[in-house]
Amino acid sequence: MTQPGAPLRKVVIVGGGAAGWMSAAALSAVLKPPYEIRLVESDEIGIVGVGEATIPPIRVFNGLAKLDEAEFLKATQGTFKLGIEFVNWGRVGDRYFHGFGGIGRETLWPVEFWHYWHRMRALGRALPLDAYALSNAAAQANRFMLPRPEMKNSPLGNIGYAYHFDAARYAQYLRRVSESRGVRRTEGKVVQVLQHTEPGAQHAHVQGHVRGVQLASGEVIEGDLFLDCSGFQALLIEQALHTGHEDWSHWLPCDRAVAVPSAPHGPLLPYTRSTAHRAGWQWRIPLQHRVGNGHVYCSQHMSDDEAAATLLQHLDGPALADPRLIKFRTGMRRAAWKGNVVAIGLAAGFIEPLESTALHLIQMGVAKLIEYFPHQGFEPHEVAEYNRQSRARYESVRDFIVLHYHLNQRSDSPFWQACAAMSIPPDLRRRIDLYAASGRLVYEEGDLFREPSWLEVMEGQNLHPRHGLALTELQSADDTANYLKGISDTIAQCVSVMPPHEEFVRRYCGLAG
């Protein structure tokens, strides 16, 4: 029997897919022998596999996992993503862009860029926000290039971008990488979770911990630390350890999605599109070899057949398969880490894919596990801190997604009217009220999305401050207008030297024929 404080050696990952293989790739890049990493998955069990759009921190994960960007994009038929275009979210016919990277530029003046933009807009002397953000302007021009870090004084030195890719191919690619580093894969379906039940005070520190998993073949795989990557089943964290689930469907009522791939159509766009429908919204994610599409909806307001018909009706190209139905429940486990089990991905929680956060939450779960990597004793204060930070991340993402639903002015369906009228989390209410008063934005611990993201969604969905900040008037209107013009002119010049996105993809990572 191991003792508290002794090093653990055997890490067992239960489940494959993006969660399992992202975990394996990251851990295998950090843990060296005598650590052992085993991954158990069953080909009989399908994966959700619709997480095809990402946000910029995925580049940090790929760096941690030591992945080559061009190679990974070729393997996953990936493309680049500069942000998300939202259609029909404020009112029917509205469009706005949530781009990556900053807006405006730093100034020696006393407040942030957007406060000066508010003032100039009120005077009729400002362009739309997109003119002051490189990712937004480049996306609208369908252009892309990699950042040029040596150009320190240019917006081209720090271009915010992420990826679109085939999630199934990403898992396969990470499997190859992980196995090349010694991760051992075992094919098999888990039929029983075995727990420590040894009596006596000397065994108290492992009482109830998972000892191993038994497969349908009868084989038992034992370990010291278990990662539950079993998806919505949550085989270890919930079915064995009964951690509990916190339901957020009263804030995020969509509970189903239908997904279907379609043939490429039109130019290869460097952004995701989210189009709101009667009782939910549709995603469009352009890959090299196909387009990923899905319709997220509330089953209380729309039938499965109508949801599928709506999706097929709004495809740009011919469908390549029949629509696939996915049922889900929005919320999170009451603890992502319990005993010697850490839940990663859907086993830990699920927030619908409106802002492409699913893979990021996997990434952060693994990164924080590495930061808090335990001994056999599983120090309770460290576990508690991991869980506290995990909750802060999930709640922050939740509030940002709720923001999109709540700030609608649509009167065309009961679904949208209910979203506009619903009671929202207190922290979100505070942020909305603060912005509505004077345009102030705050960044808090656990926030994934920085102030420019909140700005673009609030403004894009027609929430405008009642008044500006007094300190913006320290500069004359002419000086402020010239300041804004300098930024928009620079952004336009930068976009003009960027190649078309499709041309860049073909040259950099082999556009499929």
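A few remarks follow.
- Simple spin-label estimate for residue 105 and residue 192 in nanometres, 7 Å along Cα-Cβ: 6.8 nm
- For the stretch 156-286, the average shadow cast by the Cα convex hull is 15.1 nm², which is a quarter of the hull's surface.
- Charge dipole magnitude, Cβ of K and R +1, D and E -1 - the stretch 1-146, Cα centre, debye nearest 20: 480 debye
- Relative contact order of the chain, taken over Cα pairs closer than 8 Å and 6 or more residues apart, is 23 percent.
- Selection from 107, 97, 144, by position along the positive dipole direction of the stretch 37-183 (Cβ): 107
- 3J(HN,Hα) from dihedral phi, the stretch 348-362, Karplus parametrisation 6.51/-1.76/1.60, rounded to Hz, x for glycine, proline: 8, x, 9, 10, 3, x, 4, 10, 6, 9, 4, 5, 5, 5, 4
- Between helix 451-460 and the chain: long-axis angle, C-alpha atoms, 0 to 90°, nearest 10: 60 degrees
- If you sort the three axes of the alpha carbon gyration tensor as a ≥ b ≥ c, you get a/c of 1.5 or more for the chain and a/b above b/c, which makes it prolate.
- Global geometry of the stretch 68-162, whether rounded, prolate or oblate, following the gyration tensor of its Cα atoms and the 1.5 cut on a/c: oblate
- Sparse-neighbour loop sites [trypsin sites (Lys or Arg not before Pro); the stretch 416-513; at most 14 other C-beta within 10 Å; DSSP]: 450, 466
- In Hz, Karplus ³J(HN,Hα) per residue of the stretch 275-292 (6.51, -1.76, 1.60; θ = phi - 60°; x = Gly, Pro): 10, 6, 10, 5, 9, x, 7, 10, 9, 9, 10, x, 10, 5, 9, 6, 10, x
- Under Karplus coefficients 6.51, -1.76 and 1.60, residue-wise ³J(HN,Hα) of the stretch 136-150 in Hz, glycine/proline x: 5, 5, 5, 4, 5, 8, 6, 10, 7, 7, 6, x, 10, x, 5
- Local electrostatic count, residue 288, Cβ distance below 11 Å [Lys/Arg +1, Asp/Glu -1]: +2
- Dividing the summed -39500 (n - 2.57) terms of all DSSP H runs of n ≥ 4 by the residue count of the chain sets its mean residue ellipticity at 222 nm at -10500 deg cm²/dmol.
- Range in the chain, longest, excluding exposed GluC sites (Glu not before Pro) [loop by DSSP; at most 11 other beta-carbon atoms within 10 Å]: 151-443
- For the chain, with +1 on Lys and Arg beta carbons and -1 on Asp and Glu, the positive-most of 180, 61, 461 along the dipole: 180
- Proximal charge balance of residue 430 [Cβ under 14 Å; K/R count +1, D/E count -1]: -3
Each reported figure results from applying straightforward, stated rules to the coordinates on display, with no laboratory input. None of the values given here were measured: they were computed from a predicted structure. For neighbour counting, all protein chains shown are included, and Cβ atoms are generated from backbone atoms with ideal geometry for every residue, glycine included.
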